[in-house]
Amino acid sequence: MTERGQSWLPWVGALIAALWVAIHHDVPLVEDSLFWWVPKGILAGETGFPLSPAHALPDAMHPSGATLPQWSGGLPDYAHPPLWYWWIGLFTQWGASLGAIRAATLLPAMAAGAGFVALGRRLGLGGAGFAVFALPPFLAQLLRPELDLPLLALVPWALIALQDRAWGRYAVLAGLATATKEPGVLLVAPAVVAAYDERRWRIAALTPLFVLGGWALLHGGLANPERTPDGLWGWGQDLLTVLFIFFIAQGRFLLLVGIKNFLKERVMGSFVLTWIVFFATIGFFANRGTADLYTHIRYLLPGMAVATVLLAGHRPWLAVAGLLFVHTASDYGPEASLFGIDQARSEQQAAPWIAEQMANGRRVWVGTHQAAGLGQPWAGVVNKPVVGFNVYSFETKATDIQTGDIVMDVAYGEPSGTILTGQQKTLLHTWLVHDGWVKAWRIDGQPG
């Protein structure tokens with residue numbers, strides 16, 4: 001039975017999440033939500049909610065004045081299940097806008113906020129669930145309409161169903177979780193542990209596997225893993241890194257005083273350990289050896305949030321240390337905090353100046369990340385498309401830039417060092433939002 005006392009606490013969790021989304025209603029879209037997931041949702045709403053919205057661009061997308069590598073061949077089919085695209089499409093089918101997209105995130109964000117608070121109650125840990133609101137990546141994810149948001153919304157409720165041994169409820173919730181993003185299948189691990197504790201065979205425990213298999217049959221295959229292990233030594237390094245992120249980084253080491261709660265909760269502990277081992281093995285370090293290493297910390301969030309609830313126990317105030325890192329750029333990428341969103345805020349501030357320079361006949365270069373936001377009003381960076389700029393990428397050479405051109409340098413995105421190093425240049429303007437920044441450089445002379 002779920003605890004009866006303090007039944008109002010999950011409603012407070014939902015309210016906090018709703019207020020967080022409302023306060024940040026005008027935050028621009030960033031990275032994968034801007035490049036893939038929201039465009040796929042817009043396309044789904046425009047084309048009648050197909051199983052795989054891909055291979056075309058939605059009508060709501062505007063030309064940027066340059067071909068962007070993200071969209072040069074239409075939207076790719078990454079083989080993820082379609083539920084999140086359909087959900088976004090329900091809100092955007094009558095007009096794609098940032099407001100419609102934020103409305104689509106409100107209910108999942110509230111469900112996530114309420115769910116982890118409810119999980120803390122169900123485990124007899126009082127207000128432990130509120131500790132997730134001190135996790136910088138959790139706060140960031142509530143504002144990022146990626147596939148990981150509905151997964152966060154469903155996982156705690158599926159785990160509560162397991163605690164209640166409500167197998168029908170678990171089957172529905174775990175199935176939905178898997179149908180929003182494939183790692184929902186990892187809910188099988190705690191379900192098998194719960195069934196073992198009951199000493200009964202529960203076919204419902206395998207529901208996520210059936211859902212994943214059904215999707216594979218419908219689609220003709222599953223999403224490929226981001227990568228496979230680099231041997232035992234590389235896997236060990238990745239495992240240690242994931243453990244550090246879970247239990248040490250951003251002040252989380254303070255929560256280790258609650259390790260006994262983690263050790264005594266077999267069902268919850270098995271979920272966390274499965275999540276750690278899985279993402280230390282595939283997916284998280286997708287870009288090893290490149291400048292984009294560690295950019296997918298959001299993959300870790302469901303397991304990290306459950307671990308935080310367990311460790312916070314009756315001392316959730318210890319998690320407050322995490323709030324010191326909310327706006328701090330992390331070595332583990334822009335999803336580890338609000339850094340990615342702060343970077344988009346700085347680009348939002350720079351957009352009118354860029355448009356003004358081009359109106360005055362100046363040639364302006366921007367990276368593909370910034371270009372995507374400048375060309376799409378629904379992304380929240382501009383009210384109307386900015387067109388006519390030049391786009392630089394990893395392949396752009398310094399000799400492609402002419403004297404008098406303006407190069408927009410950013411804290412996160414394509415590295416501009418290769419085209420700025422050695423150039424004679426003047427800093428014209430800087431836009432700064434916490435650790436996110438945009439700098440405008442005028443090229444005064446070529447290198448050499």
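FYI, it's all coordinate maths here, none of it is from the lab. Computed from a predicted structure; not experimentally measured. Every residue, glycine as well, gets a Cβ built from its backbone with ideal geometry; the counts of neighbours run over all protein chains shown.
Entry note: the stretch 65-120 has Rg to Rh equal to 1.12, where both radii use alpha-carbon atoms and Rh is the Kirkwood radius. The length gained on full extension between Ala216 and His24, counted as 0.36 nm times the residue separation minus their Cα-Cα distance, comes to 65.5 nm.
Classify the stretch 161-263: rounded, prolate or oblate, from the alpha-carbon gyration tensor (a ≥ b ≥ c, eigenvalue square roots; a/c under 1.5 rounded; otherwise prolate if a/b is larger than b/c)?
Details: a/c = 2.27, a/b = 1.23, b/c = 1.86.
Because a/c hits 1.5 or more and a/b fails to exceed b/c, the stretch 161-263 counts as oblate.
A Förster distance of 30 Å, applied to the separation of the beta-carbon atoms of Ala166 and Asn224, puts the FRET efficiency at 0.30. The length gained on full extension between Trp11 and Phe253, counted as 0.36 nm times the residue separation minus their Cα-Cα distance, comes to 84.3 nm. From most to least packed by mean Cβ count within 10 Å, the peptides 165-175, 418-428 give 165-175, 418-428.
Give the distance, in whole Å, between the Cα centre of the stretch 232-269 and the Cα centre of the stretch 360-386. Comparing the Cα centres of the stretch 232-269 and the stretch 360-386, I get a distance of 41 Å.
Against the chain, whose longest principal axis is taken from its Cα atoms, helix 83-92 shows a tilt of about 60°. Among Asn383, Asn261, Asn224, the largest mean-square fluctuation in a Gaussian network model of the chain, built with springs joining Cα atoms closer than 10 Å, belongs to Asn224. Taken along the Cα-to-beta-carbon direction at a fixed 7 Å, the label points for Glu198 and Gln237 span 4.4 nm.
Nothing charged except the Cβ atoms of Lys and Arg (+1) and of Asp and Glu (-1): what's the magnitude of the dipole of the chain about its Cα centre? Round to the nearest 20 debye.
Details: 28 positive and 30 negative charges, 266 e Å.
Computed charge dipole of the chain: roughly 1280 debye.
Under Stokes-Einstein, with the Kirkwood radius over Cα pairs as Rh, the value for the stretch 9-325 at 4 °C and 1.567 mPa s is 64 µm²/s. Computed extension length for Leu106-Ser393: 99.9 nm, one decimal, from 0.36 nm per residue of separation with the Cα-Cα distance subtracted.
Size check on the stretch 344-445: the Cα extents along the three principal axes, sorted descending, read 36, 30, 24 Å.
Taking the chain as a Gaussian network of alpha-carbon nodes connected by springs under 10 Å, the highest mean-square fluctuation of the residues Ala17, Ala109, Ala321 belongs to Ala321.
Check the straight Cα-Cα distances from Lys397 and name the lysines below 20 Å, setting aside those fewer than 8 residues away within the same chain. Within the straight-line cut-off, Lys397 pairs with Lys425, Lys439. Close amide H pairs (under 5 Å, H built 1.01 Å from N) link Lys425 with Asp444, residues at least 5 positions away or on another chain.
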